[in-house]
Amino acid sequence: MFESDPTDFAIQGERGIDLFLRLDAPGHKRARFRCIATLLDGGDAAAGHRDAPSALLIDHDPQAKRPAAALLARVAALRDDPLLAQDFTLGDTRGWPRAARVGNPLTLFLYHEFFRAWQVADMTGHRFEAALRRDPDGLPRDGAQLAASIVPVFDFNHLSRGIALARMIEPGLKARIAAPGFADDRAGSTGYALRMLGDLCLRAEVPDLALACFETAIAAGDNPFRRRKAIEAALRLSDPERLAAHLAAYRARWPLPKDLAHLTEGAPS
């Protein structure tokens, strides 16, 4: 929209305050948004303080190595900015926030842009879920189409819908992947769709369903990232047998990362 646009911001989500990143999408008329972290409920009071409990801040994209202090600062901005706490009704202009009366009008435009994108994603996800409820056998056979249907749910961190879709989709994909002749596309789209659903379930503290999604994603095509996700889910589920199996499978193909090495202490090499 403008060169000086803010690109990251906070908004209340299902399990806490979600931190979002605005992403320019070359070739598209509108930007994309993606949830990059969540400060779980109970952590907002500590946001902006040095002793904020880091365990309550869940980084969904740790590879980016964003400073926790910067993420918490966005949470503090959400809490402290009167613009973002103002009640208003869409049908009554008298109560609307006014860009001319706020410190940084770009903040208002950013949230307005996000509001529209959120509504489109919610509508798209609702239609996809409703279609599957009407016809459970109508799951797209094309992996890219399936992944594209999950991306808006994942990007906007719609946890409840992610859980519902995982429960409907994972069993059917498990059977499809196990059938003779299955091969995912070159991009690994079927596995990617399952991995996104697993992530949403893990964020929502449904580790059994998350692990099922990750294991089915691995069946579609194994890679270190999916194995790592399965290890994380098995840990959350407190399932030592499946944890050991995924650790062994990881070590058999790739060097185990340092932060996972302690999980194999005492295990045979």
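The values are calculated or read from the model by the stated rules, or taken from the named source; none is laboratory data. Computed from a prediction, not measured in an experiment: that's the story for all the values here. Here the Cβ is made from the backbone with ideal geometry for all residues, glycine too, and neighbour counts use every protein chain on show.
For segment 85-95, the count of residues that are exposed (fewer than 14 other Cβ atoms within 10 Å of the Cβ), under 22 Å from the mean Cα position of the chain (by Cα) and not basic (Lys, Arg) is zero.
I'd like to know if segment 183-190 contains one or more residues that are buried (at least 22 other Cβ atoms within 10 Å of the Cβ), within 22 Å of the chain's Cα centre (by Cα) and at pLDDT 95 or above. Looking for residues that are buried (at least 22 other Cβ atoms within 10 Å of the Cβ), within 22 Å of the chain's Cα centre (by Cα) and at pLDDT 95 or above, one finds at least one in segment 183-190, hence yes.
Yes or no, residue by residue, for (1) modelled with pLDDT of 95 or more; (2) surrounded by fewer than 20 Cβ atoms within 10 Å (Cβ to Cβ); (3) of a type in the set (A, V, I, L, M, F, W, C):
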position: 197; (1), (2), (3): yes, no, yes
position: 210; (1), (2), (3): yes, no, yes
position: 215; (1), (2), (3): yes, no, no
position: 220; (1), (2), (3): yes, no, yes
position: 227; (1), (2), (3): yes, no, no
position: 238; (1), (2), (3): yes, yes, no
position: 244; (1), (2), (3): yes, yes, yes
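The set of residues in segment 97-114 being assigned to a loop (DSSP other than H, G, I, E, B) and either among the aromatic types (Phe, Trp, Tyr) or surrounded by 15 or more Cβ atoms within 10 Å (Cβ to Cβ) (or both) consists of 97, 102.
Residue-wise test of (1) out of contact with any Phe, Trp or Tyr (no Cβ under 9 Å at 6 or more places or on another chain); (2) modelled with pLDDT of 95 or more; (3) closer than 18 Å to residue 115 by Cα.
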{"position": "3", "(1), (2), (3)": "yes, no, no"}
{"position": "14", "(1), (2), (3)": "yes, yes, yes"}
{"position": "20", "(1), (2), (3)": "no, yes, yes"}
{"position": "35", "(1), (2), (3)": "no, yes, yes"}
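The sole residue among 180, 268 that is at pLDDT 95 or above and either outside the structural domain of residue 157 (by TED's automatic domain parsing) or surrounded by fewer than 16 Cβ atoms within 10 Å (Cβ to Cβ) (or both) is 180. Within segment 67-93, residues that are closer than 20 Å to residue 7 by Cβ and modelled with pLDDT of 90 or more have Cβ atoms under 6 Å from residues that are of a type in the set (A, V, I, L, M) and in a loop (DSSP other than H, G, I, E, B) in these pairs: 72/47; 72/52; 75/47; 76/47, counting only partners at least 6 apart in sequence or on another chain.
Within segment 123-167, the set of residues being surrounded by fewer than 21 Cβ atoms within 10 Å (Cβ to Cβ) and either modelled with pLDDT under 95 or not in a helix (DSSP H, G or I) (or both) comprises 135, 136, 137, 138, 139, 140, 141, 142.
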